[in-house]
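One structure below.
Where a number appears in this text, it was derived from the coordinates with a stated rule and is not lab data. Not measured: the values here are computed from a predicted model. Note that each Cβ is placed from the backbone with ideal geometry, even for glycine, and that neighbours are counted across all protein chains shown.
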Amino acid sequence: MNSAPAFRIILIEDEPPIRRFVRMALEEARYDVVEAETGARGMIEIKTRRPDLVIVDLGLPDMDGIDLIRELRSWSNLPVLILSARTQEAEKVAALDAGADDYLTKPFGVPELFARVRALLRRASHPQPDTSAVVHIGEVAVCLKQRQVTRNGTDVHLTALEFRLLEILIANAGRVLTHHALLRDVWGPSHTDNLYSLRMYMSNLRRKLEHDPTSPKHFVTVASIGYRLVLTE
């Protein structure tokens, strides 16, 4: 007898062909998929089905997907993957700033869908590190409590702002963080346009912590959007 699917996913998508394509692909991979074609129905399913992941289209017939994400974030930290035909970067940034964890632009392939789903479920299944944890980023070890960073056993000096940026990336490992969110959380709400400083400090982290700063594997750029910290290669 087959074992029960390990994870339940709520799929909120109003286009039947795409909804069917995504559901069939996920079910073939042994995920339990519950469909909803409107935002209102999706919220009901989320509240009653206790899913592990929510996949939501931004262009829903009864509400904007960004509003749904904001409402969900007011009471839940469930991982959220966006499906969107919108190509403007500003709309993707708005959805990520509203609380989404990652996004896929239509059209997309099954392997990429699976990779994003696995990454979000992995992140959700591992609690965020507490202040006493030692976090490993490749050959780098970060002790959050002692604010100590070592690389292959050798101490690495980070400035206060560099460490603050690293802390935020660690707390959201695997998640896309927008430029706006990082600037707000590191420099404060009055500095959200200071993209030059963010790029400079990210360059410093790569130089100090990446094996090859010119080809980073952990401090990854998401073009025109922001950055993502990948703990394991």
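Points to keep in mind about this one:
- Sorted largest first, extent of region 7-64 alpha carbons per principal axis (Å): 30, 25, 12
- Gain on full stretching of the segment that runs from residue 73 to residue 6 - 0.36 nm per residue minus C-alpha separation: 21.7 nm
- Once backbone amide H atoms are built at 1.01 Å from N, residue 62 has 39 as its partners under 5 Å, excluding neighbours fewer than 5 places away on the same chain.
- Gyration tensor verdict on region 8-125 (Cα atoms; rounded if a/c is under 1.5, prolate if a/b is larger than b/c, oblate otherwise): rounded
- For the listed residue pairs 47/106; 92/145; 145/208; 145/217; 47/145, the alpha carbons are over 30 angstrom apart in 92/145; 47/145.
- Packing rank of 204-212, 156-164, where each peptide gets the mean count of other beta carbons within 10 Å, highest leading: 204-212, 156-164
- Calculated SAXS-style log₁₀ I(q)/I(0) at q = 0.20 Å⁻¹ - region 134-229, Debye, Cα scatterers: -0.98
- The string of couplings for region 66-81 from the Karplus curve (6.51, -1.76, 1.60, θ = phi - 60°) is 5, 5, 4, 4, 4, 5, 4, 5, 6, 9, 8, 9, 3, x, 10, 10 Hz, one whole number per residue in order, with x for Gly and Pro.
- Relative contact order (%) - criterion: Cα under 8 Å, at least six apart; region: the chain: 13
- Base-10 log of normalised Debye intensity for region 35-92 (one unit scatterer per alpha-carbon) at q = 0.15, 0.28, 0.31 Å⁻¹: -0.40, -1.35, -1.56
- Kirkwood-type radius of the chain, with distances r between different C-alpha atoms, in Å: 18.9
- Taking other residues whose beta carbon is less than 15 angstrom from the beta carbon of residue 214, and scoring Lys, Arg as +1 and Asp, Glu as -1, yields +3.
- For a label point 7 Å along the Cα-to-beta-carbon line of residue 147, residues of region 154-196 with backbone N under 18 Å: 155-171, 185-188
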